Every structure is written in structure tokens, then in C-alpha cells.
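**Student:** The structure that follows is given in the form of C-alpha cells.
The values are calculated or read from the model by the stated rules, or taken from the named source; none is laboratory data. Just so you know, these numbers come straight off a predicted model, no measurement behind them. In this analysis, Cβ positions are derived from the backbone assuming ideal geometry, glycine residues included, and neighbour counts consider all displayed protein chains.
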Amino acid sequence: MLYFISDAGKPMKYISCGNLTSKDGFVHPRRNIDSFVLIIVIKGILHIRQNMSNFDVKEDEFILLFPDTLHYGYRPSDGELSYYWVHFQVNDPNYSIYNKGSLLRNRPFSTESSDFTPPLGEFSAA
């Protein structure tokens, strides 16, 4: 799991959001954009690639895609797919991303690393 830390005095900027639905064979377009994208899968499996890693984001899971980083579908979805997405920008230029070990050592986890993988986790509406 990765942890995102930023100054709450510099709130994030909402850009856009929506709900994608597809009956069969959806492939996420190839993009490199200047904002973060949070994707929460509601139904089916989204097959997406970022930083040379493939991810199969399943129902009730989410992925955070990073700005200025190429991401794209690496294979078509099978059957129905539905997910919510939100694009946002971080206004804190000093935000940090930590993994558990680096958080305990108070050292940010670099997104520049070739072995960096984005957060992929379960979504729980509690």
C-alpha cells in the first residue's frame, strides 16, 4: 500500500469526473496527461498498464494513475465493465508518496523509480 501526503492548506483541484460503462471489449485509450486519475471499478475488470506494469483492477478495487505518466489498456475487457473516474491536480508542489517502510523511516517513495507501481486497493464504502 502507498500513502499520499500533502499540505491540506493547499487543497487538490477537481477537474472532472464521470462513469464509464461498456458492454464488452473496452480498451482504455493511450494517454499521458497532467493530472491524477482515480478509477474505482464497479463491475468487471479494467486491464490497464502504467510504468511498465499491468494491472487488472477488479470490482470494488481502485487504482490511482499518476500525472505525466503514460497509461493505457493492455487488453480488452471481457464482458460488462463499469467504473467511476475522477481527474484532479495536487496544488502542493511538495507532496510525497510513501510506502509503509519509507513512511516509517520518513523518506518519500520516489515515483521516478522504474519499479514504482501505483496504489491498487479495495474500495469500501464504510
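**Student:** When V86 is evaluated against the numbered criteria (1) of a type in the set (A, V, I, L, M, F, W, C); (2) out of contact with any Gly (no Cβ under 9 Å at 6 or more places or on another chain); (3) under 16 Å from I15 (Cα atoms), which criterion, by number, is the only one it fails?
**Tutor:** Tallying (1) of a type in the set (A, V, I, L, M, F, W, C); (2) out of contact with any Gly (no Cβ under 9 Å at 6 or more places or on another chain); (3) under 16 Å from I15 (Cα atoms), V86 fails exactly one: (2).
**Student:** Still on this model: Based on this model, can you work out whether F62 counts as assigned to a strand (DSSP E or B), under 25 Å from K10 (Cα atoms), of a type outside the set (V, I, T) and at pLDDT 95 or above?
**Tutor:** It is false that F62 is assigned to a strand (DSSP E or B), under 25 Å from K10 (Cα atoms), of a type outside the set (V, I, T) and at pLDDT 95 or above.
**Student:** Which condition breaks for G18 when tested against (1) surrounded by 11 or more Cβ atoms within 10 Å (Cβ to Cβ); (2) within 12 Å of V86 (Cα to Cα)?
**Tutor:** (1)
**Student:** Let me ask something else about it. Considering only residues that are among the small types (G, A, S) and closer than 13 Å to G44 by Cβ, which ones fall in region 54-105? Before the answer, list the steps.
**Tutor:** So in region 54-105, the residues among the small types (G, A, S) come out as 73, 77, 79, 82, 96, 101-102.
Passing the criteria: G73, S77, G79, S82.
**Student:** Tell me, which residue of region 22-61 that is of a type in the set (S, T, N, Q) and farther than 30 Å from P93 by Cβ is surrounded by the fewest Cβ atoms within 10 Å (Cβ to Cβ)?
**Tutor:** Residues of region 22-61 of a type in the set (S, T, N, Q): 22, 32, 35, 50-51, 53-54.
When the remaining residues are screened for being farther than 30 Å from P93 by Cβ, the result is 22, 54.
Details: S22: 17, N54: 11.
Across region 22-61, the extreme among qualifying residues is N54.
**Student:** Looking only at region 62-92, filter to residues that are in contact (Cβ under 8 Å) with a residue 60 or more places away in the chain and loosely packed, with under 14 Cβ neighbours inside 10 Å; which one of those is nearest to S22 (Cα to Cα)?
**Tutor:** Top of the filtered list is Q89.
**Student:** Within region 97-107, identify whether any single residue is closer than 17 Å to I5 by Cβ and modelled with pLDDT of 95 or more, and answer yes or no.
**Tutor:** Checked region 97-107: no residue is closer than 17 Å to I5 by Cβ and modelled with pLDDT of 95 or more.
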